[in-house]
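Worksheet: the structure to be examined is printed underneath.
Rule-based calculations on the coordinates, nothing more; no lab input. Note that the structure is a prediction, hence the values are computed from the model and not measured. Ideal geometry is used to build each Cβ from the backbone, glycine not excepted, and the neighbour counts take in all protein chains shown.
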Amino acid sequence: MFCQVSIHHSGFQRAMLRKTPVQSLLCGIPKSGNTPIGTKVVVHPKDQFEQWLVDASNIFKKVDAGEMSMIDVGKMLYEKRGCVQCHSMTESQDGKKGPPFKGNFGKEVAIKGGTKVVVDENYLLESIKDPAAKVRDGYDNIMPNFNAQFREEREYIAVVEFIKSLNGVGSDLATPEATSSEGEPSDEPKPE
């Protein structure tokens, strides 16, 4: 098997052609010393790589194993999906363009157009999925749609759980399957 491997390190670039599936490569000498840095490159056949990619990108693997909470995943998504750019984790806007995540949950807030809404799980889920649906009074409609970045429903729920945790609210989010189309709890039991 041949593989083109390109290594970039501190301005050093090297392209290598290798026949073996696993190869240790020297990718340069650090500026602070004379010891080469070893990099291990694993080359998988395409079908094995595709499976590895699926497994490696499963952010809920640790949640399912009980090693991480939905709140932890929500905070990670808050940081990695760009929420941190516009929403603060304090009760102050801290110079950001969107409403702060702390201090609003459970409160009634004004929406553009003169109506009001309670900031709850359903409002937060709707606002993440369709930011233009109910824009808070005093804020511009600048939040982009992140649906392409969120791959599964649990990602939205994790962000909501993170927001709730900032507000001292426990983790009892009704999943979309346990909520009727009007946003009211249904008689269906929540999935475990």
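Numerical summary
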| item | result |
| --- | --- |
| Per-residue ³J(HN,Hα) for the stretch 133-138, Karplus 6.51 cos²θ - 1.76 cosθ + 1.60, θ = phi - 60°, Hz, x for Gly and Pro | 4, 9, 7, 5, 4, x |
| Neighbour-count ranking [beta-carbon atoms within 10 angstrom, fewest first] of 46, 129 | 46, 129 |
| Per-pair calculated FRET efficiency, R0 = 30 Å: residue 41 and residue 69 via Cβ, rounded to 0.05 | 0.35 |
| Note, ³J(HN,Hα) from phi for the stretch 114-130, Karplus 6.51, -1.76, 1.60, rounded to Hz, x at Gly and Pro | x, 9, 10, 8, 8, 6, 10, 4, 5, 4, 5, 4, 4, 5, 6, 6, 9 |
| Length released on extending from residue 116 to residue 133, taking residue separation times 0.36 nm less the Cα-Cα span | 4.8 nm |
| Residues with amide H under 5 Å from that of residue 111, placed H, sequence gap 5 or more | 116, 117, 137 |
| 18 Å cut-off, amide nitrogen to a point 7 angstrom out along residue 167 Cα→Cβ, residues in the stretch 93-107 | 93-94, 98-107 |
